[in-house]
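Asks: Would you mind keeping the following structure in view while I ask a few things?
The values are calculated or read from the model by the stated rules, or taken from the named source; none is laboratory data. Owing to the predicted nature of the structure, the values given are computational and were not obtained by experimental measurement. Note: ideal-geometry Cβ built from the backbone for every residue, glycine included; neighbour counts use all protein chains shown. These accessible areas exclude ligands, DNA and RNA; they are computed on the full protein's heavy atoms, side chains included. Shrake-Rupley method; radii C 1.70, N 1.55, O 1.52, S 1.80 Å.
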Amino acid sequence: MLESIMVLHFSPTGGTRRAARLLAESIAAQVEEVDLTLSPVQAHDFGPEDVVLVAGPVYGGRLPARMVQRLRACHGGGARAVAAAVYGGRAYEDALVELADVLEAQGFRVTAGATLLAEHSIAHA
């Protein structure tokens, strides 16, 4: 188990945050989080000793453009990253690859990826 992990999430309805925290709590003793949903997003700088779980919702097979824009305020600095695409059961299509590409462009080392199911925002169980 990891000592600590930082969770970056974009979660307008809360489902992505819940899924990301469940995963993070299962792999690390201490979980911190940054909510990318809120505006404005402060810059965050990470380093090679950090592990970051980055989770975003999937809409129509893509990440929200606003999330991608806000991730540009986060600088990986060689931090290990877990990319997580959270979807409502239809399909995640290229969203996980898109997230990994964005993270690598920001200096993260993507070492793992996950697709997580969450309750769909318009179809409640």
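Asks: Using C-alpha positions alone, give me the convex hull volume of the chain per residue in cubic angstrom.
Replies: Enclosed volume per residue, from the Cα hull, is 91 Å³.
Asks: Write down the percent of antiparallel bridges among all DSSP beta bridges whose residues are both part of the chain, to the nearest 5.
Replies: Roughly 5 percent of the DSSP beta bridges within the chain come out antiparallel.
Asks: While we're on this one: Ignoring ligands, DNA and RNA, please state the percent of accessible area on the chain from carbon and sulfur, probe 1.4 Å.
Replies: Values: 3310 of 6550 Å².
Using a 1.4 Å probe with all protein chains present, the chain comes out at 50 percent carbon and sulfur.
Asks: Would you work out the relative contact order for segment 9-124, in percent, from Cα pairs under 8 angstrom that are 6 or more residues apart?
Replies: 27
Asks: Using Cα pairs closer than 8 Å and at least 6 residues apart in sequence, work out the relative contact order for segment 1-63, in percent.
Replies: Rounded, it is 47 percent for segment 1-63.
Asks: May I ask for the angle, rounded to the nearest 10°, between helix 95-105 and the longest principal axis of the chain, with both axes built from Cα atoms and the value confined to 0 to 90°?
Replies: 20
Asks: How much length is gained on full extension from residue 30 to residue 66, taking 0.36 nm per residue of separation minus their Cα-Cα distance?
Replies: Numbers: separation 36, 0.36 × 36 = 12.96 nm, distance 2.78 nm.
Extra length from residue 30 to residue 66 when fully extended: 10.2 nm.
Asks: Keeping all protein chains in the complex and leaving out DNA, RNA and ligands, what accessible area do you get for residue 101 with a 1.4 Å probe, in Å² to the nearest 10?
Replies: Taking all protein chains as shown, residue 101 has close to 90 Å².
Asks: Now for a separate question. So if R0 is 25 Å, what FRET efficiency would residue 105 and residue 38 give, r being the distance between their Cβ atoms, rounded to the nearest 0.05? Don't skip to the end; give the middle numbers.
Replies: Values: r = 23 Å, r/R0 = 0.90.
Working from the Cβ atoms, E equals 0.65.
Asks: Now a separate question. Along each of its three principal axes, how wide is the spread of alpha-carbon positions in segment 66-114, in whole angstrom units, largest first?
Replies: 34, 23, 12
Asks: Working from Cα positions, state the angle (0 to 90°, nearest 10) between the long axis of helix 15-27 and the longest principal axis of the chain.
Replies: 50
Asks: Only helical DSSP H runs with n ≥ 4 go in: add -39500 (n - 2.57) per run for the chain, normalise by residue count and round the 222 nm mean residue ellipticity to 500 deg cm²/dmol.
Replies: -7500 deg cm²/dmol
Asks: On to the next question. Which loop-located GluC sites (Glu not before Pro) does segment 56-107 contain, where loop means any DSSP state but H, G, I, E or B and the Cβ has at most 15 other Cβ atoms within 10 Å?
Replies: Within segment 56-107, the qualifying GluC sites (Glu not before Pro) (loop, at most 15 other Cβ atoms within 10 Å) are 93.
Asks: Hey, can you find the accessible area per residue of segment 1-124 for me, probe 1.4 Å, expressed in square angstrom?
Replies: Counting only protein heavy atoms, the per-residue value for segment 1-124 is 52 Å².
Asks: Oh, and also: Suppose the Debye formula is applied to equal point scatterers at every Cα of segment 43-94; what is log10 I(q)/I(0) at q = 0.19, 0.20, 0.27, 0.31 Å⁻¹?
Replies: Evaluating at q = 0.19, 0.20, 0.27, 0.31 Å⁻¹ gives log10 I(q)/I(0) of -0.69, -0.74, -1.03, -1.16.
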